[in-house]
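Report on the following structure.
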Amino acid sequence: MRFLDKTNIENIAIGASLLGAGGGGDPYVGKLMALSAIEKYGPVKLLTLDEIADNDIYMPAASMGAPLVMTEKFPKGDEYTRAFDRLGKYLGKKITGTFPMEAGGVNSMIPILVAAQSGLPLVDCDGMGRAFPELQMTTFHLGGVSATPMVVTDEKGNLSIIEAATDKWSELLARDHVVEMGASASVSLYPATGKQMKLNGIAGIVTKCERIGEIVTQHNRGKTWQLNEIQKLTAGQHLFDGKITDISRETRNGFNYGQMTITGLDNYTEQTMIIEFQNENLVARLNGHVVGSVPDLICLADMDNLLPSTSESIKYGKRVAVLGLPADKKWRTPKGIETVGPRYFGYDFDYTPIEQLNEGVRV
């Protein structure tokens with residue numbers, strides 16, 4: 001057990017933004033909300049999975065919708081706790097704590113906000129080890145934990161409770177609600193026991209995000225040191241350096257869709273990488289060849305200081321480094337590939353682990 005202060009939160013926001021693989025929401029917005037909450041209510045208690053009881057109930061709280069919309073449609077601030085509280089009442093059970101559903105800029109910060117406001121602990125695990133665009137794309141789903149009952153609410157006070165036959169139906173029904181609420185809303189879902197969290201959660205994700213943030217902020221150590229330390233921590237690979245020379249994006253059905261073209265710089269001169277995304281980066285092609293795909297992480301960072309870049313923040317002319325990180329082993333199972341592999345997103349090729357696609361390449 002330990003307590004998270006402002007410095008911890010600053011680092012967690014940076015690391016979570018990298019692991020968000022382009023999605024997960026604006027880390028700046030989420031960080032401001034979390035920092036404001038701990039300033040008002042005090043530091044948040046962080047528990048490891050070993051420190052929670054099997055029969056206690058925990059629930060995540062998150063933002064759902066198109067991340068680009070959140071840059072203009074700011075949350076009011078109380079909707080996350082409202083969703084959290086209402087679902088607890090619906091279940092008729094005492095909620096013992098919360099945890100992030102994914103590693104992503106805003107959605108790693110929201111549970112800190114809820115923990116501070118409610119006085120409950122945060123658990124050091126999540127349900128993705130990265131960010132994904134749809135509700136059924138969690139390791140809790142892989143383990144048979146239901147996404148519902150869930151709450152969807154917005155800044156105006158509208159609130160719905162959803163019971164769905166399957167987790168995919170949870171996604172479809174909740175997405176309709178979110179679109180009507182302005183393409184961005186707050187949710188609480190996947191209520192889980194401590195035992196279910198131990199079996200299905202990805203342990204240590206908050207601490208991992210914090211460690212990445214600590215590495216990235218040590219600019220005085222140099223980019224080579226930073227990349228080497230990230231490689232040690234994530235087993236990742238440095239895939240490309242270049243400048244954004246074209247980007248297209250649209251908001252459709254509650255998602256950000258788009259494609260970016262990156263023209264190589266330095267060691268990658270006269271090479272081109274194309275990345276396609278649906279909130280999160282899905283596929284990266286270097287000179288026409290796939291070098292990374294879901295469920296593995298395709299992460300963009302500033303080419304000089306390695307501060308992460310989300311898909312909504314990418315602009316023409318920005319110089320970026322592209323990192324490829326292997327997904328958690330839970331995603332590399334047949335059910336994991338079926339749920340989040342390239343064919344699910346409409347690509348006509350099978351998943352190949354990123355380390356096999358880029359054998360011999362390292363950060």
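The values are calculated or read from the model by the stated rules, or taken from the named source; none is laboratory data. Please read all numbers here as calculations on a predicted model, not as lab measurements. Cβ sites come from the backbone with ideal geometry, for glycine too, and all protein chains shown count toward neighbours. These accessible areas exclude ligands, DNA and RNA; they are computed on the full protein's heavy atoms, side chains included. Shrake-Rupley method; radii C 1.70, N 1.55, O 1.52, S 1.80 Å.
Just one of the listed residues (Ser108, Ser184) is in contact with a Cys (Cβ under 8 Å, 6 or more places away or on another chain) and under 29 Å from Lys40 (Cα atoms), and it is Ser108. Exactly one residue out of Asp246, Asp296 is under 21 Å from Gln226 (Cβ atoms) and not small (Gly, Ala, Ser), and it is Asp296. Just checking, which of Ala115, Ala185, Ala103, Ala147 is open to solvent by less than 10 Å² (accessible area, probe 1.4 Å) and farther than 20 Å from Tyr90 by Cα? Within the list Ala115, Ala185, Ala103, Ala147, the selection yields Ala103.
The residues on offer are Asp54, Asp50, and the sole one that is open to solvent by 60 Å² or more (accessible area, probe 1.4 Å), at pLDDT 95 or above, over 21 Å from Asn158 (Cα atoms) and in a helix (DSSP H, G or I) is Asp50.
Restricting the first member to the stretch 180-193 and to residues that are among the β-branched types (Val, Ile, Thr), and the second to residues that are surrounded by 22 or more Cβ atoms within 10 Å (Cβ to Cβ), the beta-carbon pairs closer than 7 Å and six or more apart or on different chains are Val187/Ala62; Val187/Met64; Val187/Ala83; Val187/Met150; Val187/Val151; Val187/Val152; Val187/Ala174.
The residues listed here are Gly88, Gly77; of these, the one that is over 25 Å from Thr217 (Cβ atoms) and not in a helix (DSSP H, G or I) is Gly77. What's the total number of residues in the stretch 188-220 that are under 18 Å from Gly20 (Cα atoms), open to solvent by less than 10 Å² (accessible area, probe 1.4 Å), part of a helix (DSSP H, G or I) and not hydrophobic (A, V, I, L, M, F, W, C)? The number of residues fulfilling the criteria is 1.
A search for C-beta distances below 9 Å between a residue of the stretch 1-25 that is farther than 12 Å from Gly213 by Cβ and any residue that is aromatic (Phe, Trp, Tyr) and surrounded by 21 or more Cβ atoms within 10 Å (Cβ to Cβ), counting only pairs 6+ apart in sequence or on different chains, returns Ala21/Phe132; Ala21/Phe277; Gly22/Phe277; Gly23/Phe132; Gly23/Phe277. The residues of the stretch 163-173 that are surrounded by 16 or more Cβ atoms within 10 Å (Cβ to Cβ), touching a strand residue (DSSP E or B) at 6+ places or on another chain (Cβ under 9 Å) and either under 30 Å from Thr48 (Cα atoms) or acidic (Asp, Glu) (or both) amount to a single one, Ser170. Pairs linking a residue in the stretch 282-301 that is among the hydroxyl-bearing types (Ser, Thr, Tyr) to a residue that is modelled with pLDDT of 95 or more and open to solvent by less than 10 Å² (accessible area, probe 1.4 Å), with Cβ atoms under 6 Å and 6 or more positions apart or on different chains, are Ser293/Val283; Ser293/Pro342. Apart from one condition, Phe74 fits all of (1) under 27 Å from Lys94 (Cα atoms); (2) open to solvent by 30 Å² or more (accessible area, probe 1.4 Å); (3) modelled with pLDDT under 95; (4) touching a helix residue (DSSP H, G or I) at 6+ places or on another chain (Cβ under 9 Å); the exception is (1). Evaluated against (1) open to solvent by 50 Å² or more (accessible area, probe 1.4 Å); (2) of a type outside the set (Val, Ile, Thr); (3) closer than 30 Å to Ala185 by Cα; (4) part of a loop (DSSP other than H, G, I, E, B), Pro295 falls short on exactly one condition, (1).
Among the residues examined, Asn305 qualifies as among the polar types (S, T, N, Q), out of contact with any strand residue (DSSP E or B) (no Cβ under 9 Å at 6 or more places or on another chain) and either at pLDDT below 95 or surrounded by 15 or more Cβ atoms within 10 Å (Cβ to Cβ) (or both).
Looking at the stretch 273-289 only, could you name the residues that are among the polar types (S, T, N, Q) and open to solvent by 50 Å² or more (accessible area, probe 1.4 Å)? Across the stretch 273-289, the qualifying residue is only Asn287. With respect to (1) in contact (Cβ under 8 Å) with a residue 60 or more places away in the chain; (2) within 20 Å of Thr234 (Cβ to Cβ); (3) touching a helix residue (DSSP H, G or I) at 6+ places or on another chain (Cβ under 9 Å), the lone exception for Leu357 is condition (3). Of all residues in the stretch 11-41, those being in contact with a helix residue (DSSP H, G or I) (Cβ under 7 Å, 6 or more places away or on another chain) and open to solvent by 10 Å² or more (accessible area, probe 1.4 Å) number 10. Taken over the stretch 308-344, residues that are surrounded by fewer than 16 Cβ atoms within 10 Å (Cβ to Cβ) and farther than 17 Å from Tyr268 by Cβ amount to 9.
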